[in-house]
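Here is the structure we will look at.
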Amino acid sequence: MQPDPIRSAHKLRPFKPFTIITASGESYHVPHPEIMGQSGTGNTVIVMPKGDEVVMIDVASITEISYAFGKKGKKSEA
């Protein structure tokens, strides 16, 4: 994947949570923009998925960005 789609997902306002999926099948959920960063060149993504855990991802290994959708509410009855 190229750096721009990831940068766009990260900077989208209002922010929409998304999941980064890699070629090896690993996935990293980004529920808030502050838990992710991207290098100046855009070739590396840094995600902090849990507490002090830090994961560095080579952008070339990212195969998909999947946007999370909120839970559907109940339909209101007329």
| field | Built amide H within the under 5 Å cut-off of T19, gap 5+ | value | V30, S66, Y67, A68
| task | Calculate one ³J(HN,Hα) per residue across the stretch 40-57 by plugging θ = phi - 60° into the Karplus curve 6.51 cos²θ - 1.76 cosθ + 1.60, and present them in order as whole Hz with x for glycine and proline. | result | x, 7, x, 7, 10, 10, 10, 10, 10, x, 8, x, 8, 5, 10, 10, 9, 10
| Per 10 Å bin, what percent of the C-alpha pairs of the chain does each bin hold, from zero upward? | 17, 51, 20, 7, 4, 0
| task | Grab the Cα-Cα distance for E34 and S61, subtract it from 0.36 nm times how many residues apart they are, and report the gain in nm with one decimal. | result | 7.5 nm
| ³J(HN,Hα), Karplus 6.51/-1.76/1.60, whole Hz, each residue of the stretch 7-23, x for Gly, Pro | 4, 5, 5, 5, 8, 4, 10, x, 5, 10, x, 8, 10, 8, 10, 9, 4
| What does the charge count near K50 come to, summing +1 for each Lys or Arg and -1 for each Asp or Glu among other residues with Cβ under 15 Å from its Cβ? | -4
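None of the figures in this text is laboratory data; all of them are computed from the coordinates on show. Note that the structure is predicted; figures quoted are calculated from it, not measured. Note that we place each Cβ from the backbone using ideal geometry, even for glycine, and neighbour counts take in every protein chain shown.
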